[in-house]
Structures are given as structure tokens and as C-alpha cells.
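Asks: This structure is in C-alpha cells; I'll ask about it shortly.
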Amino acid sequence: MPNSFGKLFQISTWGESHGPSVGVVIDGCPPSLPLTGSEIQADLDRRRPGQSDITTPRKESDTVEILSGLFEGRTTGHPIALLVRNADHRSEAYDEMREKFRPSHADFTYTTKYGFRDHRGGGRSSARETIGRVAAGAIARKILTLAGDVEIRAYVTQIHDIVAPALAQYPTLAQVEASAVRCPHPATAKKMIARIKQVRAKGDSVGGVIECRVRGVPVGLGEPVFDRLEADLAKAMMSLPATKGFEIGSGFAGALLKGSQHNDVFINKRGAVGTVTNNSGGVQGGISNGEEIVFRVAFKPTATILQAQQTVDLRGADTELKARGRHDPCVVPRAVVIVEAMAALVLVDHWMRHSAQNRTFKF
């Protein structure tokens with residue numbers, strides 16, 4: 001069913017935005033992994049609402065409860081069930097949306113597909129579903145750290161038309177978390193925050209771009225045809241709410257280059273094969289090549305805005321909708337850890353698949 005992601009390291013998320021709780025079941029996690037609730041909570045705290053004055057004011061602690069799959073501080077190899085309770089949902093703010101379709105939201109398509117929908121907070125279309133992804137991603141991140149010292153770092157590079165200069169160095173977590181907008185360039189971060197506050201004051205919203213860099217990934221992850229590493233990363237990122245674009249390495253800018261400019265020349269790097277440039281973004285032929293994996297994800301402006309908009313109701317009649325409720329004027333800052341989580345899930349799954357095919361049997 002479409003609520004599951006991954007092949008060997010598989011997650012299934014469940015729950016609705018205004019239901020009693022949301023969560024995830026993780027199947028295929030290796031046994032004996034040291035794990036504590038606080039390690040999962042650290043990432044959930046980066047995702048939760050109400051953490052700054054540029055996010056939704058909904059107040060949720062997003063405290064994780066581990067229901068199964070852990071014994072004496074280690075994973076058992078059996079399904080891990082994680083639960084986060086919803087506490088501050090105010091469903092009455094969505095009463096008008098029971099009958100009216102929000103522009104650019106999932107209301108119309110959900111109603112047409114299923115015959116009815118949970119209008120409270122968007123149900124499964126709400127970004128609150130991503131709690132399960134982040135919780136599972138924290139476990140995947142722990143595996144990657146212990147297995148190969150893999151680091152995953154996402155950060156905001158653009159809000160609306162404000163673009164941060166390219167980073168020469170790999171940013172630290174402290175640099176990313178230094179501002180509420182999670183842009184590691186302080187001067188640009190201030191401008192981004194000001195822009196978000198400006199549009200929020202007008203009841204409007206903006207989008208932006210997140211860049212993610214992953215280092216320490218071994219050569220060999222990914223498959224050469226349908227399950228190319230960049231293809232699975234693209235699916236993972238485009239499965240997130242509000243995403244509208246994905247590019248890896250040179251991305252669309254690579255279309256402006258000639259082959260002689262774009263090719264990543266191989267050299268000997270401290271006794272191992274490496275490349276001078278990284279236009280490939282760390283993936284060649286669908287398989288990781290040992291260089292940094294670099295990709296970018298574009299997010300649209302939040303669909304639910306506090307301005308009056310023309311729409312239609314369930315009967316197709318013209319009407320006006322002015323949304324209420326508590327919504328992010330820009331989803332991008334809170335999406336940083338979600339992008340990291342999905343990258344971790346893809347990499348762990350491919351690492352396990354690679355090991356099963358290439359390292360299990362000795363012929």
C-alpha cells in the first residue's frame with residue numbers, strides 16, 4: 001500500500017493531523033542497534049511546530065513513545081512502533097473547509113478519489129504525517145553513523161527570491177541551527193526571516209529551496225536501471241508535502257554545459273579513485289561514486305493562506321474562502337530535518353540491499 005516506503009528497511013506511517021496520534025512502524029531494522037528515545041526526540045524537536053516566530057503557533061511537544069522493537073536499550077530486529085500524540089488540534093477552525101475546496105490543496109482531489117475526506121487539518125495530506133518519517137529517519141541516521149560515519153546535512157539556500165551564496169565548506173549542525181530559518185549564511189538568514197514575517201503579516205506565504213549534502217557514503221549504493229540512487233532520492237523528496245522540484249549535482253544548470261565542461265575527471269585521491277569536480281552529485285550510472293551526494297529540493301508556498309480566495313464548494317458553486325487555523329507562512333525551515341530523514345531512509349535501504357546482493361555469498 002502507498003503508506004509504506006523502502007524495500008529492506010521499510011517504514012509505514014499512519015495517523016491524521018487532527019486524530020489522536022500519528023506514528024510509524026519500521027520493519028527490517030537490524031538487531032542490536034543501541035537506541036534511546038532521546039536520539040529520536042532530537043530530530044522530532046527540530047521538526048515540531050511552534051519552535052520559532054516564523055512557524056505555525058500550534059503547540060505540540062511531539063514526544064515520542066517507543067511501543068515495540070526495543071529491549072534493554074537495543075533493537076530486537078522485530079518491528080519498531082513509534083507513536084506521537086496530538087494535543088493541540090483545533091478542528092473548529094476547519095469547519096468552513098468541510099464544504100469548500102482550498103486552492104492548490106488536496107481537498108478536491110481527495111474528495112474525488114475517495115468519495116469523502118477528513119477536512120480537519122488536511123488529514124493524511126497534512127505535513128504532520130512527516131512525524132513518522134522523521135522518527136524513522138533518526139534511526140536510519142544512527143545506523144549510517146555507526147556503519148560508516150555518514151553525515152547528512154540539509155539547509156535552506158533560498159526563500160522566495162532571496163538566495164544564499166554557495167557554501168565552500170560543509171556546514172556544521174550548529175551553523176544550520178543558528179537561525180530560525182536554518183540558513184547557515186547569517187546575513188542572508190536575516191533577510192529570509194524578514195521576508196517570511198513580511199508575507200505572514202499580509203496573510204500570504206512563500207516557498208524556497210533546501211540543499212542537502214551527504215558525505216561518507218561508500219561506493220556502490222544504488223542500482224543501474226529503475227532503482228537508481230538518484231531516482232529513489234527523487235521519489236523520497238517528491239513524496240514530501242509541498243515539494244515541486246528535485247535536482248542532483250549540476251541539475252538543470254548542467255543542460256547549459258558542454259560535455260567537456262560537465263564531465264567529472266577521475267584522479268587518485270589519497271590512494272582511492274575520486275573526481276576533480278562533482279557535477280554528478282555523487283552518483284554515476286545510478287550508483288554512488290564515493291563523492292559527496294548533493295541535491296536540492298524546491299518547496300512551493302504554503303497552500304493555505306489567510307487571504308480571501310475564490311473557489312468552489314462540494315456542489316461546484318462559486319464561493320469565497322478565507323482560511324482560518326494555524327499554518328506555516330513558509331514550510332521550508334521545518335522541512336530541513338524531513339529532507340535529512342528521507343535521505344537517511346533511502347541510503348540505509350540501499351546499503352542493506354547492496355550488502356545482501358554483493359556481500360552475503362562467497363563464491
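The values are calculated or read from the model by the stated rules, or taken from the named source; none is laboratory data. Note that the structure is a prediction, hence the values are computed from the model and not measured. All Cβ positions, glycine included, derive from the backbone under ideal geometry; neighbour counts span all protein chains shown. The area values use the complete protein model at the heavy-atom level, side chains included, leaving out ligands, DNA and RNA. Shrake-Rupley method; radii C 1.70, N 1.55, O 1.52, S 1.80 Å.
Asks: Condition first: open to solvent by 10 Å² or more (accessible area, probe 1.4 Å), closer than 16 Å to ALA343 by Cα and among the aliphatic types (A, V, I, L, M). Now tell me which residues in segment 1-31 satisfy that.
Replies: The answer is LEU8, and nothing else.
Asks: In segment 71-90, how many residues are surrounded by fewer than 19 Cβ atoms within 10 Å (Cβ to Cβ) and either closer than 30 Å to ALA194 by Cβ or out of contact with any Lys or Arg (no Cβ under 8 Å at 6 or more places or on another chain) (or both)?
Replies: The number of residues fulfilling the criteria is 12.
Asks: While we're here: Consider segment 1-33. How many of its residues are in a strand (DSSP E or B), among the hydroxyl-bearing types (Ser, Thr, Tyr) and in contact (Cβ under 8 Å) with a residue 12 or more places away in the chain? Working first, answer last.
Replies: Here is the first cut: in segment 1-33, the residues in a strand (DSSP E or B) are 4-5, 10-15, 21-27.
The next check asks that each one be among the hydroxyl-bearing types (Ser, Thr, Tyr); those that pass are 4, 12-13, 21.
Still in the list and also in contact (Cβ under 8 Å) with a residue 12 or more places away in the chain: 12-13, 21.
Selection size over segment 1-33: 3.
Asks: Taking segment 161-208 on its own, how many of its residues are surrounded by fewer than 18 Cβ atoms within 10 Å (Cβ to Cβ) and assigned to a strand (DSSP E or B)?
Replies: Looking only at that region, the number is 1.
Asks: Keeping to segment 34-55, report how many residues are surrounded by 19 or more Cβ atoms within 10 Å (Cβ to Cβ) and assigned to a loop (DSSP other than H, G, I, E, B).
Replies: So the count comes out to 5.
Asks: A follow-up question, please. Quick check on segment 151-160: of everything there that is at negative phi and not aliphatic (A, V, I, L, M), which residue is least open to solvent (accessible area, probe 1.4 Å)? Show your work before the answer.
Replies: Pass one, segment 151-160, residues at negative phi: 151-159.
Next, from what is left, pick out any that are not aliphatic (A, V, I, L, M): 151, 153, 155, 157-158.
Details: GLU151: 61, ARG153: 27, TYR155: 4, THR157: 27, GLN158: 55 Å².
Top of the filtered list is TYR155.
Asks: Let me ask something else. Would you point out which residue out of GLY73, GLY50 is at pLDDT below 95 and touching a Ser or Thr at 6+ places or on another chain (Cβ under 8 Å)? Steps first, answer last, please.
Replies: Values: GLY73 fails: at pLDDT below 95.
Sole residue among the options that is at pLDDT below 95 and touching a Ser or Thr at 6+ places or on another chain (Cβ under 8 Å): GLY50.
Asks: May I pose another question? What are the pairs with Cβ atoms under 9 angstrom where one residue, in segment 279-294, is β-branched (Val, Ile, Thr) and the other, located anywhere, is open to solvent by 30 Å² or more (accessible area, probe 1.4 Å) and assigned to a strand (DSSP E or B)? Sequence gap at least six, or different chains.
Replies: VAL283/ILE248; ILE293/ARG215; ILE293/ILE248; VAL294/GLU211; VAL294/ILE248
Asks: Name the residues in segment 242-258 that are assigned to a strand (DSSP E or B) and not aromatic (Phe, Trp, Tyr), would you? Spell out how you get there, then give the answer.
Replies: Taking segment 242-258 as the starting set, the residues that turn out to be assigned to a strand (DSSP E or B) are 243-248.
Across segment 242-258, the qualifying residues are THR243, LYS244, GLY245, GLU247, ILE248.
The rows are residues; the columns are (1) under 17 Å from LEU345 (Cα atoms); (2) in contact with an Asp or Glu (Cβ under 7 Å, 6 or more places away or on another chain).
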{"residue": "PHE5", "(1), (2)": "yes, no"}
{"residue": "PRO30", "(1), (2)": "yes, no"}
{"residue": "ARG58", "(1), (2)": "no, yes"}
{"residue": "PRO79", "(1), (2)": "yes, yes"}
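Asks: Can you confirm whether ALA127 is of a type in the set (Gly, Ala, Ser) and without any contact (Cβ under 8 Å) to a residue 60 or more places away in the chain?
Replies: Numbers: of a type in the set (Gly, Ala, Ser): yes; without any contact (Cβ under 8 Å) to a residue 60 or more places away in the chain: no.
Spelling it out, it is not the case that ALA127 is of a type in the set (Gly, Ala, Ser) and without any contact (Cβ under 8 Å) to a residue 60 or more places away in the chain.
Asks: Residue by residue through segment 111-125, note down the ones that are open to solvent by 20 Å² or more (accessible area, probe 1.4 Å) and under 19 Å from the mean Cα position of the chain (by Cα). So that I can check it myself, show each step before the final result.
Replies: Step one: of segment 111-125, the residues open to solvent by 20 Å² or more (accessible area, probe 1.4 Å) are 111-118, 120, 124-125.
If the condition is that a residue be open to solvent by 20 Å² or more (accessible area, probe 1.4 Å) and under 19 Å from the mean Cα position of the chain (by Cα), then ARG124, SER125 are the ones that fit.
Asks: Condition first: assigned to a strand (DSSP E or B) and surrounded by 17 or more Cβ atoms within 10 Å (Cβ to Cβ). Can you find one or more residues in segment 135-142 that meet it? Before you say what the answer is, go through the steps one by one.
Replies: First, the residues of segment 135-142 that are assigned to a strand (DSSP E or B): none.
Taking every residue of segment 135-142 in turn, none turns out to be assigned to a strand (DSSP E or B) and surrounded by 17 or more Cβ atoms within 10 Å (Cβ to Cβ).
Asks: Name the single residue, out of those in segment 314-356 being touching a strand residue (DSSP E or B) at 6+ places or on another chain (Cβ under 7 Å) and outside any helix (DSSP H, G or I), that is surrounded by the fewest Cβ atoms within 10 Å (Cβ to Cβ).
Replies: Filtering segment 314-356 for residues that are touching a strand residue (DSSP E or B) at 6+ places or on another chain (Cβ under 7 Å) and outside any helix (DSSP H, G or I), the one surrounded by the fewest Cβ atoms within 10 Å (Cβ to Cβ) comes out as ASP318.
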